[in-house]
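Trainee: For reference, the structure I am asking about is given below.
The values are calculated or read from the model by the stated rules, or taken from the named source; none is laboratory data. This is a predicted model, so every value here is computed, not measured. With ideal geometry, Cβ positions are generated from the backbone for all residues, glycine too; neighbour counts draw on all protein chains shown. Surface accessibility is based on the protein's heavy atoms, side chains included, excluding ligands, DNA and RNA. Shrake-Rupley method; radii C 1.70, N 1.55, O 1.52, S 1.80 Å.
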Amino acid sequence: MFALMSVPLLLAPVGAAEEGGEWTAERALACWKPMVRPVQHVGIPGYQFQTGVLWDGSLVFGPLGFRELKVMQAETADLGDSLLHVSVAFGEPPRFVDRKGANAPAIRRWLEEGRLPILTVETTDGDLLWRETVFAHLLGRKADEGMTPEPSDVLVTHALFHVSNTGETPQQAHLWLHLGDVSQVHFGYKCGIGEEVAPAIPHRFEAPLGLLGERVRYVILPPAEGTVKQQSDGSLPGAIEWTVSLEPKAEATLEVRLPYGTVDRATAERIVAIDSEAALREVRRFWKRLEQGPSQIETPDAFVNDYVAAVPAQMAQQIGYRRHSDVWMYKTSPNHYEGYWPCNAAKALPTLDLRGLTDLSRPVLQSFVETQTEDVGALCEERRGGDRDQVQGEGYAKTPGFLGNFGEWTANTLLLSHGLELWALSAHYRITRDREWLGEGKGSPLQAIVDGCDWLRVQRRRTMREEDGRKVAHYGLLPAASAHDWLSGNTIFNDAFCIYGMTEAARMLREIGHPRAEEFSAELAHYRRCLHDRYVEARDRAKPIPQADGSLLPYVPRDVYELDWRGLDWTYTGYSPVRAGAWGALDPHDELVEQSLAFLEQGMPQGEGPYFGAHKQFPDTADANWGHISDPHAARHHLWRHYVEYETMWPVGGPLFLARDDLPRFFEWLFNNLAVVLHRDWRVGVESLDGVPSCAPGDGERWQMIRRMFVNETGGYDGSEQSLFLLQAIPREWLKPGAHLAARDMRTFFGGQVDLHVKVAKDGDEVRVKAGLDLAVAPKGITIRLRSGDGRPLREATVNGKAVEVLAGDTVRLPEGKSAEYVVAGRFARN
C-alpha cells in the first residue's frame, strides 16, 4: 500500500553543501550544554574492581550494584567491608566545592598527557591551589601481571594531595577527608551525590593506619609538613583533617593509600612501605606501553588524538577475572553495572584486537566459548520492575550452541549477546589470522562459531510455520525473546544482530575453506530475505505517521507485531530498523532503512508517541539538551538530536552513515557525538548524559568509527568478500593547508595492517598520500578518497606517478593485492 507514497530524498550527494556547511567540532560544541558530573575510574587489567573518581575528587569504592547476587557475594567476601565514599573538602570550616556537580569553575580535571588513566583534580581555594593525583596498582606486583591474577591480589589506590600557596601572604591550608558509607552516592542513569553528608564509617585513625575494627581500611603517611588528626566533633565528626601552614610559594603533600576493601595489619605495613614515586613510574610505564601499541591515529584535532589513545586503557581497566566463578568479563561499567551484559563486551572487544591487545581480549573470548550451552536461561522472560513474565512464542529448542548465558552473572539473557559473541569470535580470527587460536574440534573457538550458527538454524525452523494457510508474521525469524529490560517479542533488533554475527562467521568460514561455509552462507541469505520480507509486510500493516503537510509516512516497526508508532519505546531498540541497515542485516540503502531514517528525522506529531522526561527530572544536568526535541508544545518531537541518541552507549549514526557513504550526516553525527556524550576532560563516554561512565560498548564503538574514517572494510553483507575504503570520511577541517594525518600500523579485518600518511600542500591545492598494505587476504577492491579542505572537487590524481581516473565522490581506484606501496597525489579544481 505504501509503494506509491513519496518518501523525501534523504541523502545529499557526497560533497554537496548542506545548510551551514560541513559540520565542525566548534560548531557542534556550541550546540550543547556540556555534562557536569564526570566520573572516571582507576584500576588494573585483570583485577575485577575499580575505584571511582568523581568530579570533585571524591573516591568511591564498591561494587555498588548487583551485591544481592550470590556470585557477587562470593567475589566480595574476601574484600571485607569495601563500601566507602571518601569526600574531599577544603578550608575552615570545611567546604565541599562542587558536591552537587554543577561544573564549578574552581575545579579542573585531566588525565596525564590527556590520555593515561592517572587522574588529576585541581581545586582553587583562594590563594591555595590543590592538586589531587589518583592512580592504582597491585600491591607487590607489576601492572602487566594483573592478567595472571592471584587470590592474594590487592588493588591499592593512591590519592596524592598537593597544595601550594600561590599568593603573597602566609596561608593556613585545611584538607578534610570524610570517610562515609555509600548511601549518598548515585551511579546509574544519572550520577550524583545526595544533599546530606553520608554517615561516617566507624573508623579510627591510629597513624598511619585507619582501622575498621581490627582490619585496616586506609593508610595516611605522616606528612613532612603539617599535622593530621581525626575530628571527634564539629561539622564533620570522624573526618580526617590535615592542617599545614604555608609561606608564599611554599608547597606540601599528603599521601593517602586505600586498598580495595579491608586488609590485615601485615598487608597494611606493606602498603605503608610502598615507594609511591616508584609505583607511579611503573604504572605510567605500563599505560604508556599499552597506549603506544599498533593502530595509532593522528589528526589535526588534539582532543580526538587524545581520545582515541585513551580509549584502550579505559577499556582495559574494565577487564576482570571473577575468581570464584572462573569467568573473565569486559564489564559494562565499573561499580554500577557489575552484572554481565556479554553483548556489550562483544561489540567493543575488536577495538582491543585492532589495537594489538589480544592478551586482554582473549580471556574474555575464551569465557564466551566455555559458557556456550544449550540452556537459554531467562531468554524468554520479560522483566518489569521486580517481576518476570514469560514471553509468548514458540520457545527455544534445547540444542547446543547458545552464546550469552553466564548463569547468575547474566543481567539480561539476550539474543543480542548470541549474535555479537558470534561476531566477536569470528572477528578476532579475521583480525589476528591466528589459526592455532581458532583451533578445531570440541571446545575450540571454531567449533563454538559453528555450533552458534547451527543454533540459529535450528531455532529459525521453529517459526517456519503457517496459521490458517498463511505464514506467521515472524516466519523464518527467531522465536520471541527478551530484547532488553522490559521489551520482548519478535524484534528486528534481535534478528539483525544475529544476522550480523552470522555474516562475520560465514565470511570467516569461507576464508579458511571450512566445509560448511557455503551451507551457512545459504542459511544467511535466507535469513536476510526473511527479515526483509517480514518487515515489508509489517510496514504495510502498520499505522502510518502523519506529516505536517497532511501526507502519510510509512512506519517500519521494530517488532513485526508492534504496528502503532505511538507505542514506540524511546530506548536504543527504538532505532532498530536503522540498526539493521547500519550493519548490513538490511542493505543500508534499502527502502525500509530510508523510511525508518525519514521517520526519525521528521519526528512525531504533537501529543502523540513517546516523549523524554529526564530533562524535566534532571534540569541541572546535560539532559537539558533534550528539551528542544522533546517539547510537548512543539509541532513535532524526535528521538534523537543531530543523530545523537538518548542512550549514547549504542551509537548507530556513525556506522549507518558510513555504510551509506553519507558524509554530511556522518560528520553531523561525529562532531555532535564527540561534543556531548564524552566527559572531555576525562575522555570517557556515558550511558546517558551525566550517567554512568565508560558504559560499554560506547567508547569502543566510537574508536572503531574514527578508525573506519581512515580504514574501512565495506560491503560483504551476504558473508562474501569485503572491499577496502581508505580515507573514506576525513572532515574538511582536518584537511586545511599544511595538515598532516596518519593511521599507523592499522590492523584490519583482512589480517595484517595498513599504513597511511596524508600531507596537504601548504597552498591547499594538492594532497599527497603514502599508503602501505600488508594483508593476509586481498580485498575485493580498494578505493581511496581525496578530499579538499575547502570543498573543491578532485580534478586529477596519480598513483605511483601514473594518471588515474577520478571517480564520483572524489575517489580513485587503487590496484588490488595483498601487499603494496602506493603514493597517491591529488590536485583540486581551481576556484
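Trainee: Which FRET efficiency value, to the nearest 0.05, is calculated for ASP326 and ARG465 with the Förster distance at 45 angstrom and r the Cβ-Cβ distance? Could you put the intermediate results ahead of the total?
Mentor: Working: r = 41 Å, r/R0 = 0.90.
Once the sixth-power term is evaluated, E becomes 0.65.
Trainee: Starting with the highest mean, order 89-102, 742-755, 46-59, 537-550 by the number of other Cβ atoms within 10 Å, averaged over the residues of each peptide.
Mentor: Values: 89-102: 17.6, 742-755: 20.2, 46-59: 25.8, 537-550: 14.6.
Most protected by this proxy first, the peptides run 46-59, 742-755, 89-102, 537-550.
Trainee: Enter the angle in degrees (range 0 to 90, nearest 10) between the Cα long axis of helix 591-602 and the first principal axis of the Cα atoms of the chain, meaning the one along which they spread out most.
Mentor: The angle comes out near 50 degrees.
Trainee: Let me ask you something else. Along the Cα-to-C-beta direction of LYS802, a point sits 7 Å from the Cα; which residues of the stretch 758-775 have their amide N less than 17 Å from that point?
Mentor: 771
Trainee: Around TYR527, with a cut-off of 10 angstrom between Cβ atoms, what is the net charge of the other residues, counting Lys and Arg +1 and Asp and Glu -1? Don't skip to the end; give the middle numbers.
Mentor: Values: positive: ARG457, ARG460, ARG528, ARG529; negative: ASP495, GLU523.
Combined, the nearby Lys, Arg, Asp and Glu give +2.
Trainee: May I ask which of LYS70/LYS100; LYS229/LYS331; LYS100/LYS288; LYS780/LYS802; LYS347/LYS780 have a Cα-Cα span longer than 28 Å here? If you can, show how the numbers build up before the last one.
Mentor: Numbers: LYS70/LYS100 34 Å; LYS229/LYS331 38 Å; LYS100/LYS288 34 Å; LYS780/LYS802 22 Å; LYS347/LYS780 25 Å.
Violating the 28 Å limit, Cα to Cα: LYS70/LYS100; LYS229/LYS331; LYS100/LYS288.
Trainee: Still on this model: Within straight cross-link reach of LYS736, meaning Cα distance under 19 Å, which lysines are found once same-chain residues fewer than 8 apart are removed?
Mentor: LYS759, LYS762, LYS770
Trainee: Label 7 Å along Cα→Cβ of ASP127; the stretch 246-277 residues with amide nitrogen under 11 Å?
Mentor: Answer for the stretch 246-277: 246-250.
Trainee: Report ³J(HN,Hα) in whole Hz for each residue of the stretch 361-378, in order, from the Karplus equation J = 6.51 cos²θ - 1.76 cosθ + 1.60 where θ = phi - 60°; Gly and Pro get x.
Mentor: Values, residue by residue: 7, 5, x, 5, 4, 5, 5, 4, 5, 6, 9, 4, 7, 8, 8, 8, x, 8 Hz.
Trainee: Sticking with this one: Pop the C-beta distance of LYS249 and GLU92 into the FRET formula with R0 = 22 Å and round what comes out to the nearest 0.05.
Mentor: Numbers: r = 22 Å, r/R0 = 0.98.
Computed FRET efficiency for LYS249 and GLU92: 0.55.
Trainee: Related question: Please report the net charge: other residues with Cβ closer than 15 Å to the Cβ of GLU687, K and R +1, D and E -1. Could you put the intermediate results ahead of the total?
Mentor: Working: positive: ARG37, LYS190, LYS331, LYS347, ARG702; negative: GLU338, ASP485, ASP623, GLU645, GLU647, ASP690, ASP699, GLU701.
With Lys, Arg at +1 and Asp, Glu at -1, the net is -3.
Trainee: Among the aspartates and glutamates, which have Cα under 16 Å from the Cα of LYS543 when same-chain residues fewer than 8 positions away are ignored?
Mentor: Here the aspartates and glutamates satisfying the reach criterion relative to LYS543 are ASP559, GLU562, ASP564, ASP569, GLU608.
Trainee: Roll a 1.4 Å probe over the protein chains and send me the accessible area per residue for the chain in Å². Present the calculation step by step, with values, prior to reporting the outcome.
Mentor: On the way: 28730 Å² over 831 residues.
About 35 Å² of surface per residue is accessible.
Trainee: Here is a further query. Which aspartates and glutamates, if any, have their Cα less than 15 Å from the Cα of LYS190, not counting same-chain residues under 8 positions apart?
Mentor: Reachable aspartates and glutamates: ASP620, ASP623, GLU647, GLU687, ASP690.
Trainee: Work out, step by step, the length gained on full extension between LEU563 and ASP233: first 0.36 nm times the residue separation, then minus their alpha carbon distance; give nm to one decimal. Write out the running numbers ahead of the final one.
Mentor: On the way: separation 330, 0.36 × 330 = 118.80 nm, distance 6.35 nm.
Between LEU563 and ASP233, full extension yields 112.5 nm more.
Trainee: Only helical DSSP H runs with n ≥ 4 go in: add -39500 (n - 2.57) per run for the chain, normalise by residue count and round the 222 nm mean residue ellipticity to 500 deg cm²/dmol.
Mentor: Calculated at 222 nm, the ellipticity per residue is -8000 deg cm²/dmol.
Trainee: Continuing with this model, one more query. Between VAL283, HIS324, LEU221, whose Cα lies farthest towards the positive end of the dipole of the stretch 216-355 when Lys and Arg beta carbons carry +1 and Asp and Glu beta carbons carry -1, centred on the Cα centre?
Mentor: It is HIS324.
Trainee: Same structure again: Suppose each label sits 7 Å from its Cα in the direction of the beta carbon; what would the ALA207-ASP434 distance come out to in nanometres?
Mentor: Rounded to a tenth, the inter-label distance reads 5.1 nm.
Trainee: Work out how much length LYS442 to HIS628 would gain on full extension: take 0.36 nm times their residue separation and subtract the Cα-Cα distance, in nm to one decimal.
Mentor: Values: separation 186, 0.36 × 186 = 66.96 nm, distance 5.51 nm.
Full extension of this stretch gives 61.5 nm more.
Trainee: A further question follows. Just to check I understand the Karplus step: with θ = phi - 60° and J = 6.51 cos²θ - 1.76 cosθ + 1.60, what whole-Hz values come out for the stretch 132-139, glycine and proline as x?
Mentor: Per-residue couplings from phi come out as 10, 10, 10, 8, 9, 7, 8, 5 Hz.
Trainee: At what distance in nm do the modelled label points of ALA273 and GLU608 sit from each other, each positioned 7 Å from its Cα along Cα→Cβ?
Mentor: 7.5
Trainee: Which shape class applies to the stretch 635-729: rounded if a/c is under 1.5, otherwise prolate when a/b exceeds b/c and oblate if not, where a ≥ b ≥ c are the square roots of the Cα gyration tensor eigenvalues? Kindly include the intermediate steps, with their values, before the conclusion.
Mentor: Numbers: a/c = 2.01, a/b = 1.53, b/c = 1.31.
It is prolate, given that a/c is not under 1.5 and a/b is the larger ratio.
Trainee: Let me ask another. Where the centroid of each part is defined by its Cα atoms, how far is the stretch 729-792 from the stretch 270-286 in Å?
Mentor: 41
Trainee: Return one number: the angle in degrees, 0 to 90 and rounded to the nearest 10, between the long axis of the Cα atoms of helix 698-710 and the longest principal axis of the Cα atoms of the chain.
Mentor: Around 50 degrees separate the two axes.
Trainee: Also: How much FRET efficiency would the formula 1/(1 + (r/R0)^6) give for ARG265 and ALA200, where r is the Cβ-Cβ distance and R0 is 22 Å, rounded to 0.05?
Mentor: Details: r = 22 Å, r/R0 = 1.00.
About 0.50, to the nearest 0.05.
Trainee: Using the Karplus curve 6.51 cos²θ - 1.76 cosθ + 1.60 with θ = phi - 60°, what ³J(HN,Hα) values do you get for each residue of the stretch 637-644, in whole Hz, with x for Gly and Pro?
Mentor: 9, 9, 9, 8, 10, 6, 6, 9
Trainee: Another one. Between 0 and 90 degrees, rounded to the nearest ten: what's the tilt of helix 302-317 against the longest Cα principal axis of the chain?
Mentor: 80
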